[in-house]
């Protein structure tokens, strides 16, 4: 090999290395432009410093409080190709969460004649693509007391919007965050805490997408409720 050939070979190798490093730099910059919470949004609300127990229901995670005997947050992913795949019609029965002790959990009778609905955090309509995923949502660890109008007419709207958004974007991540007072109202023999409101955080880092909604858990007789009326700045989401 001649001296000139050796120099050309070294220059070629150096140029190849610079191109590779440059591509890596471009990827890092792209990652830095993702939404504020990025992949840490779930960890912000579901971690062992704020949850007495993190319940893994395979299809979603529950941040659970022994004192409240209810969820503080529930996180899951909606895949667009699954949310409308099967739509199982028959709904399972609610059941006490088997991974919790009797004195830590709600039972179905706690809701009887309470004036509150059994409100899903991970909604059944988002997981009715298999019997197993559907049944997971009927654990009472995934249920909180909701005002009937909020549960049936208002909260259901944002749940449907989330499913539609998952179809549009391919998938979205969802974190539902529940707010309680220091001395919440309690229902049932097990003294289940009633929240005063709840957030729904929707995000997809790949699409640089994030939206947040808040619903107060109180009677609302308005017949003109709209989804956009509940949209909030995601910086305001907190326990």
What tally of residues in the range 97-115 results from selecting those that are in a loop (DSSP other than H, G, I, E, B) and buried (at least 17 other Cβ atoms within 10 Å of the Cβ)?
5
With respect to the numbered conditions (1) out of contact with any helix residue (DSSP H, G or I) (no Cβ under 6 Å at 6 or more places or on another chain); (2) under 22 Å from residue 203 (Cα atoms); (3) at pLDDT below 95, which one is the sole condition not fulfilled by residue 87?
(2)
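Inside the range 127-239, counting only strands (runs of 3 or more DSSP E) that do not spill past its ends, which hold 2 or more residues that are within 15 Å of the chain's Cα centre (by Cα) and without any contact (Cβ under 8 Å) to a residue 60 or more places away in the chain?
Values: elements: 143-146, 171-179, 197-204, 209-216.
Where strands (runs of 3 or more DSSP E) fall fully within the range 127-239 and carry at least 2 residues being within 15 Å of the chain's Cα centre (by Cα) and without any contact (Cβ under 8 Å) to a residue 60 or more places away in the chain, they are 197-204, 209-216.
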Within the range 52-70, identify whether any single residue is out of contact with any helix residue (DSSP H, G or I) (no Cβ under 8 Å at 6 or more places or on another chain) and closer than 30 Å to residue 207 by Cα, and answer yes or no.
yes
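The values are calculated or read from the model by the stated rules, or taken from the named source; none is laboratory data. Keep in mind it's a predicted model, so treat the numbers as computed, not measured. Note: ideal-geometry Cβ built from the backbone for every residue, glycine included; neighbour counts use all protein chains shown.
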